[in-house]
Amino acid sequence: MDDDIDFARLLASGIVSQLGEQGPDWEIGSVEHQEDDFSGTGDFSWSPTVRVEFRSISGEYESVGVYFVYNGVSLGDSVIATADGIQDHAVEMIPGAALPPCPGHHHPAVARVVDDVPKWVCMKDGAAHFSEDIVPGLQPGMTLAEYMRRHRVRTS
Ligand SMILES: [Zn+2]
């Protein structure tokens, strides 16, 4: 069971839709474990890193890759790191765009852990003005395996 692969795919496609209509026309390409040589001897093994590739549907934007690294400790922090990476790529491709938009403001929302849950929040007024779950249904303290188990029950 590659829970981390499935989670990374869900996470990435969720974030692409959260970026909104102004965002790049990305679709998810390959989602794979990153092969890594930890030993320095050419002895390759699987790392806990998943690489997600984004491809532009129109071809207007270049393909980019982001990483999802789950160390088993804090799923929230892992989600934030990936959200930051996707946001950085999006803003780089569409300079000046508020991605994702903060409703009623001209700036983007930022990814933060709020009450143990990863959210997009207003960069100026915080969750009091705007907050949206990055991973719908992710509860405080839930592990990746627990989340995927519940997700599969909900969607099967
Ligand atoms: Zn705001």
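With respect to the conditions (1) in contact (Cβ under 8 Å) with a residue 60 or more places away in the chain; (2) farther than 22 Å from PRO48 by Cβ; (3) under 13 Å from the mean Cα position of the chain (by Cα), ALA97 lacks only one, and its number is (3). If you check PRO95, PRO103 for being closer than 19 Å to GLU21 by Cβ, more than 16 Å from the ligand (Cβ to nearest atom) and either among the aliphatic types (A, V, I, L, M) or part of a loop (DSSP other than H, G, I, E, B) (or both), only one passes: PRO95.
Listed here are the residues, each with its yes/no results for (1) without any contact (Cβ under 8 Å) to a residue 12 or more places away in the chain; (2) acidic (Asp, Glu); (3) surrounded by fewer than 19 Cβ atoms within 10 Å (Cβ to Cβ).
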position: VAL50; (1), (2), (3): no, no, no
position: GLU53; (1), (2), (3): no, yes, yes
position: GLY59; (1), (2), (3): yes, no, yes
position: GLU62; (1), (2), (3): no, yes, yes
position: TYR67; (1), (2), (3): no, no, yes
position: ASN71; (1), (2), (3): no, no, yes
position: VAL79; (1), (2), (3): no, no, no
position: ALA83; (1), (2), (3): no, no, no
position: GLN87; (1), (2), (3): no, no, no
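For segment 66-80, taking the residues that are more than 10 Å from VAL50 (Cβ to Cβ) and among the aliphatic types (A, V, I, L, M), the one that is farthest from the chain's Cα centre (by Cα) is identified as VAL73. Every residue in segment 122-144 that is more than 10 Å from the ligand (Cβ to nearest atom), part of a strand (DSSP E or B) and not hydrophobic (A, V, I, L, M, F, W, C), please. Residues satisfying the conditions are SER131, GLU132, ASP133.
Every number here is computed from the coordinates shown, using simple stated rules; none is lab data. None of these values were measured; they are calculated from a predicted model. Quick reminder, even Gly has a Cβ in these numbers, built from the backbone with ideal geometry, and neighbours come from all protein chains shown.
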